[in-house]
Each structure stands twice: as C-alpha cells, then as structure tokens.
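Data first, discussion second: the structure below is written as structure tokens.
The values are calculated or read from the model by the stated rules, or taken from the named source; none is laboratory data. Predicted, not measured: the structure shown is a model, and the values here were computed from it. Quick reminder, even Gly has a Cβ in these numbers, built from the backbone with ideal geometry, and neighbours come from all protein chains shown.
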Amino acid sequence: MPLRLCTDLLLVWYDYGFASYLSEMINSFSKKTAVGSIAILGCGWLGERIGKSFLEKGCIVKGSSRNEKRIEELYSFGFQSFKIDIEELGSINHDFFDVDVLIVATTNKNKFAHQNLLKIITSSHVKKIFFISSTSVYMPSVRPITVHSELSDSPLIAIEKEYLKLENSVILRCGGLIGDNRQPGNFFKKGATIKNPEASVNIIHFKEVIVSINSLVEKTCEFRIYNLIEESQLSRYEYYSKAYETLQGESGEFVS
C-alpha cells in the first residue's frame with residue numbers, strides 16, 4: 001500500500017505483520033535519490049539510520065554529535081562527522097551546513113538554542129530543512145490524531161514555530177519509533193499496566209520515516225507539518241498485547 005498524503009497528514013498503514021508491505025515501501029526507495037548531500041544534526045538512534053540509508057544511495061552524509069567517541073563512530077560508518085552542541089555554537093564548523101538537505105534530529109528542547117541555530121541555517125545554502133518532532137505534542141485521544149488534534153504543553157511546539165518561520169522547512173511529527181532493536185513486543189513487561197489503553201497507537205517504523213523524507217525531498221511539500229504514524233484500527237492495549245504475543249509466544253497479561 002503506498003503512502004497517502006491526506007491534507008496535511010501523512011499516514012502510513014500496516015498490520016503488526018507488516019513485513020511484505022514494508023518491503024514494498026523500501027523497494028520504492030530507489031537506488032538513486034534526488035538528494036546529493038544531507039546533514040543530520042543529532043545522530044542518535046534515528047539519525048544514524050537515516051544517514052546510513054542515504055549513504056547507501058551514494059549521498060554525501062554529514063552527521064553531528066556532542067560526544068567525541070560518537071563522532072569517531074559516525075566516521076567509521078562513512079559519515080563526515082562534526083562535533084556540534086547547539087548550546088555552544090561559537091566555534092561551529094559552517095561546512096556542516098553546506099548541503100542540500102538538513103535534518104534536525106536533536107533531542108535538545110532549548111528554544112533559545114534552536115533560535116541561535118536557525119540564525120546559522122538562514123545564512124547557509126541549505127535547500128530544505130526537516131525538523132524531527134514528535135506526536136507527543138498532542139493530548140492523548142481515543143481518536144486518530146490529525147494536525148488539528150488538541151495540543152499538549154510540550155516545549156516542542158514553541159520550537160516548531162521557530163522552524164516554521166523559514167519557508168523551506170518541514171515539521172515531521174513522528175510516532176514512537178520501532179524497528180531493529182526497538183520491537184513493540186519488548187516495550188512492556190508481562191503484567192504491566194498500559195497507560196491510556198483505549199487511545200490510538202501512534203508508532204512508525206524508522207524505515208518508513210526514511211522513505212517519507214525521500215518522498216518529500218523529491219517533490220514540493222504541499223504542507224508544512226506532517227504526522228508520520230501508522231494508520232491502525234487498534235487501541236494501545238490491543239496493539240501491544242498482539243505485539244507481545246507475536247514476539248514472546250504468550251499472552252502479556254497486561255492491565256488496562
């Protein structure tokens with residue numbers, strides 16, 4: 001099933017047994033991409049995987065971290081690695097921003113640090129900016145979330161507004177990330193209490209985030225904010241119960 005762009009909401013759908021669908025999506029991410037160079041500010045769990053994927057497509061990939069050991073690790077992957085702390089931008093290497101696409105994937109929630117970062121970005125030649133946000137900006141709801149759902153008091157909202165001041169920026173509100181060592185069947189221990197059990201489950205496989213970014217790079221973004229989540233008919237309780245049973249081979253006996 002292809003990606004569906006619904007007004008300003010990007011929905012990705014799969015059942016828990018989604019292997020064949022995911023394979024179809026990844027195959028659609030062609031061996032070549034429109035991206036010539038990409039910089040990922042904040043190469044954590046997701047940033048690393050985004051970078052590796054674009055590296056495989058022949059892109060120049062720049063990655064940043066605050067940690068020296070992590071910088072060496074990124075270099076060993078084939079990244080051009082940079083030490084960047086957005087709260088200490090005085091000695092920043094501006095070569096990092098000499099790219100087609102910039103992905104801001106830092107977990108730093110200091111609005112003033114992001115404001116200073118944006119001053120540097122606006123003076124660079126970056127063509128498109130993606131700010132990785134989260135669906136945690138929404139209040140819990142039993143209804144599927146949309147960009148019009150009620151917002152929480154998350155500090156991410158104020159940071160998003162700063163990025164939206166730039167015409168070439170896009171906000172990606174990602175659901176809970178899964179894939180590789182992040183298996184939903186391991187998220188809860190047997191007998192655990194699942195909070196907001198009737199709420200819609202909001203998750204997304206990291207490979208779908210990558211495919212979505214590539215898709216949005218290759219076309220003019222019609223909207224500025226996208227929710228990257230699976231479109232599921234299951235509640236949190238139903239989803240995680242099924243995920244646990246699939247992975248562990250027994251009932252999770254969760255408390256709702």
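The residues listed here are Ser251, Ser241; of these, the one that is surrounded by fewer than 16 Cβ atoms within 10 Å (Cβ to Cβ) and farther than 21 Å from Ile38 by Cα is Ser251. Report yes if some residue within region 164-176 is within 16 Å of Arg236 (Cβ to Cβ), surrounded by fewer than 19 Cβ atoms within 10 Å (Cβ to Cβ) and out of contact with any helix residue (DSSP H, G or I) (no Cβ under 7 Å at 6 or more places or on another chain); otherwise report no. Yes, region 164-176 contains a residue that is within 16 Å of Arg236 (Cβ to Cβ), surrounded by fewer than 19 Cβ atoms within 10 Å (Cβ to Cβ) and out of contact with any helix residue (DSSP H, G or I) (no Cβ under 7 Å at 6 or more places or on another chain). Per the conditions (1) touching a helix residue (DSSP H, G or I) at 6+ places or on another chain (Cβ under 9 Å); (2) modelled with pLDDT under 95, the sole criterion not satisfied by Lys111 is (2). When the residues of region 75-94 are filtered to those that are part of a helix (DSSP H, G or I) and touching a residue at least 24 places away in the same chain (Cβ under 8 Å), the one that is nearest to Gln115 (Cα to Cα) is His94.
Residues that are in contact (Cβ under 8 Å) with a residue 40 or more places away in the chain and in contact with an Asp or Glu (Cβ under 9 Å, 6 or more places away or on another chain) number at least 2 in the following strands (runs of 3 or more DSSP E) confined to region 128-178: 128-134, 169-174. Can you name the residue in region 196-233 that is within 25 Å of Ser256 (Cβ to Cβ) and free of Cβ contacts under 8 Å to residues at least 40 places away in the same chain and is also surrounded by the most Cβ atoms within 10 Å (Cβ to Cβ) among such residues? Checked region 196-233; the qualifying residue surrounded by the most Cβ atoms within 10 Å (Cβ to Cβ) is Ile203.
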